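Below is one structure; the comments refer to it alone.
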Amino acid sequence: MLKDNLKTLRKNKGLSQEELSIKLNVVRQTISKWESGLSVPDAEMLITISEIFETPVSEILGESIEEKEKNDLKAISEKLEVVNEQLSMRKKQKRKRIVNFLIITDVCIILLFILLEVLGSPYQSWDYSDPEWSIIGTLWHSFEWVFFKVAPLTVIVITSIIGIIYVKRNK
């Protein structure tokens, strides 16, 4: 147990055998012998080791100590996996909302186009001697002209730009 605990504590502290030997004022081979079980440190050396590792001597001599680094890496990788999954889900939801918004917008534009086509141009038969009707008729005519003349070109340009951006992002 001692040999495994020494090696685990050294690795958990991020020390090489050489670095630990310098701190303990021994040669590297001594550390190697302790970790391979060929020899054991004396009582005074065990106290110094416990001070360096900030671990009680009883724990160094007792049951095996788990390697913190491996457990920490495992815990971190599991947390990163959860975070990546959450980010992926958010990205998918955002794309789904954008697609749904674009579909709803397209359906509304198509319905408005059909409605305007069915209604024709009712403002042409209105009596424009009344100022209110002349303003409403002018606004209706302006809207109809913009919708039929300018909007299709604008929609084509906007959808092309969105399509290009969407394709470039997915590469």
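A short reminder: the numbers here are calculations on the coordinates, not readings from a lab. Source: prediction; values computed, not measured. Note: ideal-geometry Cβ built from the backbone for every residue, glycine included; neighbour counts use all protein chains shown.
Some notes on this structure:
- Degrees separating the helix 2-13 axis from the principal Cα axis of the chain, which is the longest one: 40 degrees
- Annotation for ALA151 and LEU80: the two label points, set 7 Å from Cα along the Cα-Cβ direction, are 5.1 nm apart.
- The equivalent ellipsoid that matches the C-alpha gyration tensor of the range 95-170 spans semi-axes of 35, 12, 10 angstrom, in descending order.
- Entries of LYS7/LYS74; LYS33/LYS74; LYS13/LYS33; LYS11/LYS33 with Cα pairs more than 27 Å apart: LYS33/LYS74
- Placing a label point 7 Å from the Cα of ILE158 along the Cα-to-Cβ direction, the residues of the range 77-118 whose backbone N falls under 18 Å from that point are 97-116.
- Only the Cβ atoms of Lys and Arg (+1) and of Asp and Glu (-1) were treated as charged; on that basis the dipole of the range 95-170 about its Cα centre amounts to roughly 940 debye.
- Length gained when the stretch SER32-SER58 is fully extended (0.36 nm per residue, less Cα-Cα span): 7.2 nm
- Distance (nanometres) between label positions extended 7 Å along Cα→Cβ at GLU19 and ARG97: 4.7 nm
- On Cα atoms only, tilt of 68-119 relative to the major axis of the chain in degrees: 0 degrees
- Basic side chains Lys and Arg get +1 at the Cβ, acidic Asp and Glu get -1 at the Cβ, and with that the dipole of the range 8-48 about its Cα centre reaches some 160 debye.
- Folded to 0 to 90 degrees: helix 43-53 orientation relative to the chain principal axis, Cα: 10 degrees
- For the chain, projected area of the alpha-carbon convex hull averaged over all directions, nm²: 19.7 nm²
- Listed residues TYR128, VAL150, VAL57: farthest to the positive end of the dipole of the chain (Cβ charges): VAL150
- Take every pair of alpha-carbon atoms less than 8 Å apart whose residues are at least six positions apart; their mean separation over the length of the chain yields a relative contact order of 18 percent.
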